[in-house]
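These notes concern the structure reproduced below.
Bear in mind that the values in this text are calculations on the coordinates, not laboratory data. As the structure is a computational prediction, the values presented were derived from the model and not from experiment. Note that we place each Cβ from the backbone using ideal geometry, even for glycine, and neighbour counts take in every protein chain shown.
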Amino acid sequence: MAWTWFHRLGSPPYIYALAGRLTPWFAWPAGALIVGGLYGGLVLAPPDWQQGDGFRIIYVHAPSAWMSLMVYTTMAVAAGTGLIWRMKVAHAVAASCAPIGASFTFAALVTGALWGQPMWGTYWEWDPRLTSELILLFLYLGYMGLRSAIEDVQRADRMSAVLAVVGVVNVPIIHYSVTWWNSLHQAPSVMKLAKPTMPPSMLIPLLMMLLGFTLFFFAVLLVRLRAEVLSRERSATWIREAVSP
Amino acid sequence: MSEYPGDTEGATAALVSAVSTSSASPLDAARLALSRDLRLAFRKRGQLVQPLVFFAIVTTLFPLAITPELSRLRDVAPGVLWVAALLSSLLALEFLFRDDAYDGTLEQYALSGQSLTWLLFAKTAAHWLLTGLPLALMAPLAGMSLGVPAAAVPGIVASVAVGSVALSLIGAVGAALTLGIKRSGALLSLLTLPLAMPVLIFGARATELAIKGGGYAAPLQLLGALAVLGVTLAPLAAAAAVRINLE
Amino acid sequence: MKEFLDMGGYAGYVWPSYGLTLVIVVLNIVWARRLLARSREEARRRLAMRGGAT
Amino acid sequence: MSERSLQGENLHLWRGDRHVLRGVQLSLAGGECLQVTGPNGTGKTSLLRTLCGLMYPEEGRVLWAGQDVRSDLPGFHADLAYIGHEPPLKVDLTPRENLYYWIGVRRRISRPELDDALERVGAEQWRDRPVRTLSAGQKRRVALAGLALMAVPLWLLDEPTTNLDAEGQRLVGKLIEEQLLRGGLVVAAIHHELPVPGATLRRLELAHE
């Protein structure tokens, strides 16, 4: 049956075991890529002709910003899956995503501000990218707030799933409107990411960081997923095996 | 026992025909859901005017906080009007579904055989008629007190009227999501305001252009697009949330 | 080395950015592991309770 | 047209950590009434809400006329009336207005039809007073009028006799009896005996774990 894999993915004991086995396969490559990317970005890459060494913030800002969006999308897809197929494991994935995404959105905001000071001469500029990032942080906080306000886990799962899906529809609208708004009020931003002209010595570390952060997300997600799956389960038999020291 | 449409000795067959021939059309159902909310609102007029009074108070705060000079107020008027409108429409949201959830009306809607999405859309329409439309009519008055020229009135009315459609719809989703939660006011704002930011951006821009005497068609069309998108998606999400709440 | 740490005069912006990101990365690891430990603890407690009841 | 029947197959429902319904089986044909009994907290209300499709059982399914109700929920809902603990009435509207909106959303009703139903439950004296001024028993009577007006084959009633005096309880019995005579089905969660003839009455006893 073609659908067996799908049903197996919905089975908590299977997922719990699988997530445990897979974690190192994501964690170690993530660590290696990030260390390599850091070395490449901080040491090997030449200073930018315009921004000097200040541009090196890109190697932490861009991956954080990428995480903020990617994690939100993953969360919404998982939430939608959970809503449509009433799949508990999918809700557990969505629940695991939010704190990770929120923390990296925060990192993207602060590193963006730190980058802004030397470039713009002010920490906060109502730049469309940073403004969107700020609104995205509010979306994450709303999601987490709703989840924590509802006692019953299953109801919290389903309610927050609706919010995640509504949010993901809004993210492009928010981004578009903020860009539109910004274009009316000031000159285009100086902060340009991933210029096509970027030489390989600059680009390769950036790609390594992006991939490393992505793998890191999945590693953390898998650990959190095991916890969430465990807290949603009532069937004693497999849990006894899972938690026996 | 004549009140039963199918109440004759021969029972089942008559019952079947009675049920299948007399069910209400979706349009009737929506009309009734809407007029019920309007009637209830007019029974409790106090709650009806609260958002409007709130709107008036907030717009009064700004001259006191910034300056009484009309020429300077005129520059911030679009922002003031839109932030005030956003907050006022938020104020009325907490009650949008609360009473209905409490007295079992939502449950009966969900079990009525009619589309819950459609009935909630009707409820949201009632909410807009009771808050969005009055706000749109009041916004020019508030604008005048901020030094807005009379020529800007049509633009302000149009933009607030269209924008508040989107606000009501977004708010309906937020209100449905926070249904089962006690003291949900702050959470409701946290959920709703980020989603409402595009409306604020386009609405304030349309108002600004109207005040400056420019063509405000472009932002108004964008507002309209948001409203259309809201009409198609928001009731679906609200219905999903209400169903989960009834579980 | 000193030149590297100076980051062409941008040290005050570059290093805090890297530092904060590092902190976030580490916190994510710590939080996730703590969450897993806590829910395993919780599951064990629930099992013990149920075992005691029957 | 298939036979009118309601079946619950192996219904399991969890609420948080509680296993509320544990493999409930039931089957009911036209003209039959099922009386669901059991102490508080044994899942009577949950069973009714599961049967009408508000709650999703973790396992098992509900069949209406041989069809899984999930395959056509609106169609199933058009066939059923569910009255919960509290009569679904707006306190700021009168009984007449309440029924006009509540029932009108489901089916077309005429004014005389509506007034007849209210008269039947003894409401003609107070049908134009706001519901907030009515007693609990009077509200229950308005709900009964609504139930009759819906004209649907399946009734799911949660404690239909609460707050009613002896005459009101007889009225509930009479309404149920008529519903059964028409070939309708009734599931009632109730503490005491339903005042209907025993021949058509079946029982389901729910108990604690």
Handout entry: Other-chain or far-sequence residues with amide H under 5 Å of D:Val20's (modelled H)
Key = D:Leu13, D:Trp14, D:Arg15
Problem - Label point distance in nm, D:His19-A:Ile84, each placed 7 Å from Cα along Cα→Cβ - result: 3.3 nm
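Could you list the chymotrypsin sites (Phe, Trp or Tyr not before Pro) in the range A:43-86 that lie in coil according to DSSP, counting only those with at most 11 other Cβ atoms within 10 Å of their Cβ?
Values: sites: A:Trp49, A:Phe55, A:Tyr59, A:Trp66, A:Tyr72, A:Trp85; in loops: A:Trp49.
The qualifying sites are A:Trp49.
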Practice task
Report, as an integer, the average count of C-beta atoms from other chains found within 10 Å of each Cβ along A:51-57.
Solution key: 6
Problem - Computed label-point distance, nm, for sites A:Arg240 and B:Val83 using a 7 Å Cα→Cβ extension - result: 6.2 nm
Practice task
For the range D:61-68, take each phi angle, set θ = phi - 60°, evaluate the Karplus expression 6.51 cos²θ - 1.76 cosθ + 1.60, and give the result in whole Hz per residue in order, putting x for glycine and proline.
Solution key: 8, 10, 10, 10, 6, x, 10, 4
Exercise for the section: Would you grab the residues whose amide H sits under 5 Å from the one on D:Leu185? Only those 5+ places off in sequence or on another chain, please, with H modelled 1.01 Å from N. Expected result: D:Gly31, D:Leu154, D:Trp155
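Going by a ≥ b ≥ c, the root eigenvalues of the Cα gyration tensor, does the range D:115-161 fall in the rounded group (a/c under 1.5), the prolate group (a/b larger than b/c) or the oblate group? Write down the numbers at each step before the final one.
On the way: a/c = 2.60, a/b = 1.45, b/c = 1.79.
In terms of gyration-tensor shape, oblate.
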Problem - the range D:76-159: GluC sites (Glu not before Pro) falling in loop per DSSP and having at most 15 other Cβ within 10 Å - result: D:Glu124
Completion exercise
In whole Hz, the Karplus estimates of ³J(HN,Hα) for the range D:20-26 (6.51, -1.76, 1.60; θ = phi - 60°; x where Gly or Pro) are 6, 9, 10, x, 6, 10, 7
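Residue by residue through A:204-212, how many Cβ atoms from other chains fall within 10 Å of the Cβ on average? Intermediate values should be presented prior to the final figure.
Numbers: counts 0, 0, 0, 0, 0, 1, 0, 0, 1.
If you average over the peptide's residues, the count of other-chain Cβ atoms is 0.
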Completion exercise
For the C:Lys2, B:Ser22 Cβ pair and Förster radius 56 Å, calculated FRET efficiency rounded to 0.05 is 0.05
Problem - Approximate spin-label separation D:Ser27-D:Arg203, in nm, with each point projected 7 Å along Cα-to-Cβ - result: 2.1 nm
Exercise for the section: Step through the residues of the range B:240-247 one at a time and calculate ³J(HN,Hα) from phi using the Karplus curve (6.51 cos²θ - 1.76 cosθ + 1.60, θ = phi - 60°), rounding each to whole Hz and writing x for Gly and Pro. Expected result: 4, 5, 5, 4, 4, 5, 7, 4
Exercise for the section: Just give me a number: lysine pairs in the protein assembly as shown, eight or more positions apart or cross-chain, with C-alpha atoms less than 27 Å apart. Expected result: 18
Practice task
May I ask you to derive the FRET efficiency for B:Ser71 and B:Ala217 from their Cβ-Cβ distance with R0 = 41 Å, giving the value to the nearest 0.05?
Solution key: 0.95
Practice task
Give the Debye-formula value of log10 I(q)/I(0) at each listed q (0.07, 0.09, 0.15, 0.18 Å⁻¹), with one equal scatterer per alpha carbon of chain A, two decimals each.
Solution key: -0.29, -0.46, -1.08, -1.34
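Give, to the nearest whole percent, the P(r) tail of the protein assembly as shown beyond 45 angstrom, counting all Cα pairs.
Working: 103543 of 284635 pairs.
The share of Cα pairs beyond 45 Å in the protein assembly as shown comes to 36 percent.
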Exercise for the section: Mind jotting down the distance between the C-alpha centroids of the range C:1-21 and the range B:54-76, whole Å? Expected result: 45 Å
Practice task
Tell me which residues come under 5 Å, amide H to amide H, from D:Leu206 once H is placed; ignore anything under 5 positions away on its chain.
Solution key: D:Thr37, D:Gly38
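Can you give the Rg to Rh ratio for chain B, taking only C-alpha atoms and Rh from Kirkwood?
That ratio is 1.09, to two decimals.
Mean Kyte-Doolittle of at least 0.0 plus a Cα span of 20 Å or more along the axis: flag which DSSP H helices in chain A meet both, please. Walk me through the numbers before you get to the answer.
Working: long enough: A:12-39 (40 Å, 0.76); A:58-85 (40 Å, 1.08); A:88-120 (47 Å, 0.94); A:128-149 (31 Å, 0.81); A:153-185 (45 Å, 0.60); A:200-231 (46 Å, 1.79).
In chain A, the long hydrophobic H runs are A:12-39, A:58-85, A:88-120, A:128-149, A:153-185, A:200-231.
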Completion exercise
Rounded to whole angstrom, the alpha-carbon centroid of the range D:1-58 lies from that of the range D:114-167 at a distance of 25 Å
Practice task
For chain D, build the convex hull from the C-alpha positions and give me its volume per residue in Å³.
Solution key: 125 Å³
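At a Förster distance of 25 Å, what's the computed FRET efficiency of A:Leu44 paired with C:Arg34, Cβ-Cβ distance as r, to 0.05?
Numbers: r = 36 Å, r/R0 = 1.43.
Efficiency at R0 = 25 Å is approximately 0.10.
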Handout entry: Equivalent-ellipsoid semi-axes of the range C:2-53, from the Cα gyration tensor, Å, largest first
Key = 47, 6, 4
Exercise for the section: Per DSSP H run of at least 4 residues, take -39500 (n - 2.57); add these up for the protein assembly as shown, divide by its residues and hand me the 222 nm value, nearest 500 deg cm²/dmol. Expected result: -22000 deg cm²/dmol
Completion exercise
Over all pairs of different Cα atoms in the range D:87-151, the reciprocal of the mean inverse distance gives a Kirkwood radius in Å of 11.2 Å
